[in-house]
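Shown next, in structure tokens, is the structure this report addresses.
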Amino acid sequence: MTESRPNVVWVTLESVRADHTSVHGYGRDTTPNLERIAARADGARFGNCFSQSIWTPASSASMLTGTHLFRHGVGLDGNAEEPLRSDLRTVPELLGENGYFTACLSSNPYLSAATGLDRGFEKFSWLSLKHLYKHRETVLPMLAYLARLRTYAHGFSLEGHEHNLTYVMQRVLQRWVRSFSRGDDPFFIYVHCPNPHLPYTPPEKYIDRYLTDDEFAPEAALDLSFERYGSQERVIENIADGADFTDREWRTIEALYDAEIAYADELVGRLFDTVEALDGRETVFVVTGDHGDLFGEQGLVGHNLVLDDGLTNVPLVTHNLDTDEVDTESLVQHIDVTRTVAARLGCDHEQFQGRPLSETPYDTVISQRGVAQFESYLDVDPGFDTDRFHADPVSAVRTGEFKYLESEARTELFRLPDETEDVEAHYPHTAARLRAELGRRIDDPHPTAGPSADETNFTPEMREQLSDLGYI
């Protein structure tokens, strides 16, 4: 292998929307390390990056296959009960065939063997906080975390949602980077950082930094987060109630969210410094969010039901990706980044649906959502207004000014930043142009989610963690 074949470290941050990151102009200093990386001579910040979907299984599958949700199908059913299609190749599979050592560290069961998203990784580790003692490589990081509970947690607790794996993952990743760099082959590491998934429970050392006298005191703030977001039932109840929070509650929740982003940024900074300390082979470094979270937009919380910019507009920072000639303010999507990274490593494939960042950019990006599962909302409130949401799988085609939505049942056009008033009647030519664009870019604009020959197989430990995350 030649030294010209770089390593890659790709970090995906859970639930981070771009407009809460200081690297994208947010008023609070939430991402100093992302800013530092972007400011380097070989660094770049992409001002308008969009995810392919609104939750982890679908967006992760897009990043790892370079395809849209309607092609890979993970999450198309709204429940992620069908794994990755067997006829698609993953980036780690392709890289493995081209001499790369591939590894993944995941803290989310939706990115695991259960969904088929472990395919192609020579080393794959799915971690659960309650079962770290079962893994030799996590025992010492776990003990280090336990010794720092007052710094990185809130004291001893057996409740899984009161902890997260960020500190442990950081220690494991630093060890991986140093170990893999001693091998003859270049490496590709993909990591899914658990912050800041709800309920928001940032480390104590960050809480005081973002909570002010206008918000709740730290202990009361955490109680509020658990009360509002501590289970799937509570999240659904909040949505059924129209996200009826007081202004003070919203400020408090968003302060906790910002603190969690800062915690994730700490992992990014320490990992980047570890990579920079390596000798020899260059390393491409990519950081993005898998999707965002909502804070009352369209009456919603978390990441549910809609293709709002609060969910699809995510941060993107790169280093050593040869972006000197790239317009970093143009519209880009995750699958464009996938194809660009793969091409940089000498690997391309006909299945990729993105466009290399070095080419003339599209003037549109596409995000998609699978079937809307309304039953749980209607169980809480039989009068819940489902008509305002698309029930079938839906695509959003976004320009700098408009967003066009299309499902089998209906179409809508919004003039941004508003995403509630349908203006298609006022801009019929714009709607027609974006409808045609969708037809050119998507194989099947109206897929039907149905039973597959394969089913996801989540272990009891995975289901326990999904429950802690509020999914089930």
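FYI, it's all coordinate maths here, none of it is from the lab. These numbers were taken from a predicted model, which means no experiment stands behind them. With ideal geometry, Cβ positions are generated from the backbone for all residues, glycine too; neighbour counts draw on all protein chains shown.
The label point for D208 and the one for A432, both projected 7 Å from the Cα toward the Cβ, are 6.3 nm apart.
Could you work out [θ]222 nm for the chain from helices alone, using -39500 (n - 2.57) per DSSP H run of at least four and dividing by all its residues? Round to the nearest 500 deg cm²/dmol. Numbers along the way, then the final one.
Numbers: 16 runs with 160 residues, N = 472.
Calculated at 222 nm, the ellipticity per residue is -10000 deg cm²/dmol.
The magnitude of the dipole of the stretch 7-363, with charges of +1 and -1 set on the Cβ of Lys/Arg and Asp/Glu and taken from the Cα centre, is near 1440 debye.
Going by average Cβ neighbours within 10 Å, how do the peptides 102-113, 207-218 rank, with the highest at the top?
Working: 102-113: 24.7, 207-218: 15.3.
Going by the mean number of other Cβ atoms within 10 Å, highest first, we get 102-113, 207-218.
Sorting the Cα pairs of the stretch 229-280 by distance into bins of 5 Å, from 0 upward, gives 4, 16, 13, 16, 14, 9, 8, 7, 6, 4, 2, 0 percent per bin.
Within the stretch 219-259, what residues put their amide N at less than 19 Å from the label point 7 Å along the Cα-to-Cβ vector of R388? 235-247, 250, by backbone N distance to the label point.
Only one residue of S112, A243, V326 has its Cα farthest out toward the positive end of the dipole of the stretch 7-363, where Lys and Arg carry +1 and Asp and Glu -1 on Cβ, and that residue is S112.
As a rough guide to protection, the peptides 331-340, 90-99, 413-422 ranked by mean Cβ packing within 10 Å, highest first, stand as 331-340, 90-99, 413-422.
Between R355 and K123, what FRET efficiency comes out of the Förster formula 1/(1 + (r/R0)^6) with R0 = 45 Å and r the beta carbon distance, rounded to 0.05? It comes to 0.90.
In the list (i) 49, 27, 20; (ii) 39, 24, 21; (iii) 31, 28, 22, the label attached to semi-axes √(5λ) of the Cα gyration tensor in Å as derived from the coordinates here is (iii). Among bridges DSSP assigns within the chain, what percent are antiparallel (round to 5)? Counting DSSP beta bridges with both partners in the chain, the antiparallel share is about 50 percent. Helices in the chain that qualify as membrane-span-like (whole DSSP H runs, Cα extent of at least 27 Å along the helix axis, mean Kyte-Doolittle hydropathy of 0.0 or higher) do not occur. Where the centroid of each part is defined by its Cα atoms, how far is the stretch 234-281 from the stretch 371-386 in Å? What the calculation gives is 28 Å, centre to centre.
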